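To start, the structure itself, in structure tokens.
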Ligand code: SAH
């Protein structure tokens, strides 16, 4: 036994949209030694865990339990006994059909301290994202949350069908998809009008959300036709009719679009966040990985000789990051850079530099020769020493142009990009199953690396009918060289331009 016992936090992880996690839950995940999570908790929440935390998946998909409830209870008790703080993440709210109460009772009887952090339950939020309020003064005076999957071991059913059928309550069934036919039959048999509106909302609050509506007498057929499966909530009642007027999430500009992001994982988050906010389902197929250079001495040497330089020029956020990582790693701080002038290519690089408290003096927008010449023309670069920390094997235009203008340029490798083929099989599988609508390319190398994940004779067939979105003309040309014609080209050539291009494209598609 540990000196100080650990505590278990029974946390509601919300219904799927990671933004619906409470602030208290987030803090708790950040501070936990162990995170225990199951099928319905959004995996993106695990990113809040500390990198030393132990992450344990305990399953629970329909009947398939990776760990039985007894084993889960034991796990929570064992970890707490070791003095560890445990974040037990449960989908939705832990006390709404989540067996959170059973876990709390177990902990109580074992003398383990616990706290409950309520979450946004799917019972309310999935309907809300489908434009269905569970109450409305004109339609209903109360709402019931009902299990659609009563414990089969129970001898006598507790389901009060006559009460459900007689009242004007909104009925929200959880875990009921497999039992839908029985639920509908019971409600009609106990006198609920057959034309009562019904909706099923699957994967509510996520970009995979799917809604099927009908009435008690049509819903079974409609759900079968739509092949809608678990997990879904079933909403029965007049409030369902408000969806026609109040639906909003389905109307986001990229709703339901399955869009591939090919940037390196560490860089993809801005694009992903923005597309997700607009309703898209983002599939990350990183094709490159950024790593520190095999030999970092050139950067370290340059930093030791920093007084000899006049200009520091960055061409990417990775260059900025790795330069400062090295500088801080050498026990130095930004004061050694005080005498320098700075240039950054592109606004995002400038922003990254600003994170370190430095404002770029000049800002060419692209690598094109004209851009560079124009930006540096006022800079009196003649005879000056320029340090250029950037990727191994980067394009030569910039150092060439600066040398022509009379500067002495030292290029040092601050990072390397290496091919990441890990996602190849997943990509091919998704393309075969037609689970991808669009692919985004943010540089020429993402195009060639992406294509290297597919075999050459397979690619044309797999990519037929896939919308290609490119960040700018150079990337588009590379795509064309592989036989891919971009339907979307960003303008301006930035991530925001790319997002706007996708929105405009799908808007046009919707309004023929
Ligand atoms: N504690 C959870 C419910 C767990 S029971 C909560 O408060 O939401 C599991 C059931 O919850 C599923 O069978 C399904 O009916 C429902 N559910 C959970 N997440 C859902 C989601 N994102 N969309 C629709 N239904 C969901």
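Residues that are over 7 Å from residue 202 (Cα atoms) and either buried (at least 22 other Cβ atoms within 10 Å of the Cβ) or not assigned by TED's automatic domain parsing to the domain that holds residue 182 (or both) within region 222-236 comprise 223, 234, 235, 236, listed in sequence order.
Looking only at residues in region 14-39 that are without any contact (Cβ under 8 Å) to a residue 24 or more places away in the chain and away from the ligand (no atom under 15 Å from the Cβ), which one is surrounded by the fewest Cβ atoms within 10 Å (Cβ to Cβ)?
Let us first name the residues in region 14-39 that are without any contact (Cβ under 8 Å) to a residue 24 or more places away in the chain, namely 19, 23, 26-27, 30.
Going one step further and asking which of them are away from the ligand (no atom under 15 Å from the Cβ), we end up with 23, 26-27, 30.
On the way: 23: 7, 26: 15, 27: 13, 30: 12.
Per the criteria, the residue is 23.
Residue check: residue 95 meets all listed conditions (1) away from the ligand (no atom under 13 Å from the Cβ); (2) touching a strand residue (DSSP E or B) at 6+ places or on another chain (Cβ under 7 Å); (3) in the same structural domain as residue 22 (by TED's automatic domain parsing); (4) part of a loop (DSSP other than H, G, I, E, B) but one, namely (1). Does residue 96 qualify as being farther than 27 Å from residue 144 by Cβ and under 30 Å from the mean Cα position of the chain (by Cα)? No; evaluated as a whole, the condition is false for this residue.
List the helices (runs of 4 or more DSSP H) that sit entirely inside region 372-458 and contain at least 2 residues that are in the same structural domain as residue 315 (by TED's automatic domain parsing), at pLDDT 85 or above and crowded, with 19+ Cβ neighbours inside 10 Å.
Values: elements: 397-404, 424-432, 444-452.
Output list reads 397-404.
Checking residue 299 against (1) within 21 Å of residue 359 (Cβ to Cβ); (2) touching a strand residue (DSSP E or B) at 6+ places or on another chain (Cβ under 9 Å): exactly one of these is not met. Which one? Unmet for residue 299, out of (1) within 21 Å of residue 359 (Cβ to Cβ); (2) touching a strand residue (DSSP E or B) at 6+ places or on another chain (Cβ under 9 Å): (1). When residue 117 is tested against (1) more than 11 Å from the ligand (Cβ to nearest atom); (2) more than 28 Å from the chain's Cα centre (by Cα); (3) more than 23 Å from residue 244 (Cβ to Cβ), just one condition goes unmet, and that condition is (2).
Within region 473-497, the set of residues being part of a helix (DSSP H, G or I) and out of contact with any helix residue (DSSP H, G or I) (no Cβ under 7 Å at 6 or more places or on another chain) comprises 473, 476, 477, 480, 481, 496, 497. Residues in region 208-222 that are touching a residue at least 24 places away in the same chain (Cβ under 8 Å) and over 28 Å from residue 278 (Cβ atoms): 216, 217, 219, 220.
Is it fair to say residue 225 is in a helix (DSSP H, G or I), more than 16 Å from the ligand (Cβ to nearest atom) and under 31 Å from the mean Cα position of the chain (by Cα)? The answer is yes for residue 225.
Given the residues 169, 104, 123, which is the only one that is under 26 Å from residue 248 (Cα atoms) and more than 9 Å from the ligand (Cβ to nearest atom)?
Working: 104 fails: under 26 Å from residue 248 (Cα atoms); 123 fails: more than 9 Å from the ligand (Cβ to nearest atom).
Matching residue, one of 169, 104, 123: 169.
Can you pull out every residue in region 102-121 that is in contact with a strand residue (DSSP E or B) (Cβ under 9 Å, 6 or more places away or on another chain) and closer than 19 Å to residue 75 by Cα?
Listed by number, the residues that qualify are 103, 104, 107, 108, 112, 113, 114, 115, 116.
Do we find that residue 130 is modelled with pLDDT of 95 or more, within 16 Å of the ligand (Cβ to nearest atom) and under 21 Å from residue 231 (Cβ atoms) in this structure? So residue 130 fits the description; yes. Looking at region 82-89, can you tell me whether even one residue there is out of contact with any strand residue (DSSP E or B) (no Cβ under 6 Å at 6 or more places or on another chain), assigned to a loop (DSSP other than H, G, I, E, B), away from the ligand (no atom under 16 Å from the Cβ) and not assigned by TED's automatic domain parsing to the domain that holds residue 200? Scanning region 82-89, I find at least one residue that is out of contact with any strand residue (DSSP E or B) (no Cβ under 6 Å at 6 or more places or on another chain), assigned to a loop (DSSP other than H, G, I, E, B), away from the ligand (no atom under 16 Å from the Cβ) and not assigned by TED's automatic domain parsing to the domain that holds residue 200, so the answer is yes. The residues of region 186-202 that are part of a loop (DSSP other than H, G, I, E, B) and under 19 Å from residue 147 (Cα atoms), listed by number, are 190, 192.
Checked against the criteria, residue 364 counts as over 19 Å from residue 416 (Cβ atoms), touching a strand residue (DSSP E or B) at 6+ places or on another chain (Cβ under 8 Å) and not in a helix (DSSP H, G or I).
For residue 213, state whether it is in the same structural domain as residue 128 (by TED's automatic domain parsing), in a strand (DSSP E or B) and more than 10 Å from the ligand (Cβ to nearest atom).
So residue 213 passes the test.
The values are calculated or read from the model by the stated rules, or taken from the named source; none is laboratory data. Here the structure is a predicted model, which means the values were calculated and not measured. Virtual Cβ from ideal backbone geometry, glycine too; neighbours counted across all protein chains shown.
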